[in-house]
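First the structure, in the form of structure tokens, and then the observations on it.
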Amino acid sequence: MENEERYIKEKIGDKSPFRVPEDYFDQLASRVMSQLPEQQELSKKSMQQPRRQARLVALRPWLYAAACVIAIVVLTLTLHFHQRVAEPLEQPMAAVSTPVDDEYIDDVADYVMLDNTEIYAYLAEN
């Protein structure tokens, strides 16, 4: 690396090979200003864009608040609905009496192959 630097210094010397044209910085401001568009040429859309963004920035807290309120309402209704569905019945199932026709009891007992002692045992448990 040092050999390369020494070689470059021998060929070029210590002076910089890059030069700035004369009066470059004196004319720079006038050239830049001449390349800028005139203010009258700005379109209405470019003028309305910052206004639209400013309105959205101003409305952002209200939009956040509305979203929170909607989320709370939906969550409350969802929980309320699930609680109503999951509420226990007013009477337990064992306490509910249903009318039974006596003529079918023998057929059911024969179908499930229960004898009288097993039927009494099941009735005694309840």
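The values are calculated or read from the model by the stated rules, or taken from the named source; none is laboratory data. What you see is a predicted model, and the numbers here were worked out from it, not measured in a lab. For neighbour counting, all protein chains shown are included, and Cβ atoms are generated from backbone atoms with ideal geometry for every residue, glycine included. To get the accessible areas, we keep the full protein, side chains included, count just its heavy atoms, and leave off ligands, DNA and RNA. Shrake-Rupley method; radii C 1.70, N 1.55, O 1.52, S 1.80 Å.
Taken over the range 106-126, the criterion of being in a loop (DSSP other than H, G, I, E, B), open to solvent by less than 100 Å² (accessible area, probe 1.4 Å) and at pLDDT below 75 is satisfied by LEU114 alone. Checked against (1) assigned to a helix (DSSP H, G or I); (2) at pLDDT 80 or above; (3) open to solvent by 100 Å² or more (accessible area, probe 1.4 Å), GLN49 meets all criteria but (2). Checked against (1) of a type in the set (A, V, I, L, M, F, W, C); (2) surrounded by fewer than 10 Cβ atoms within 10 Å (Cβ to Cβ); (3) at pLDDT 85 or above, VAL20 passes all but a single condition, namely (3).
Considering (1) within 30 Å of GLU118 (Cβ to Cβ); (2) at pLDDT 80 or above, the lone condition that GLU103 does not fulfil carries the number (2).
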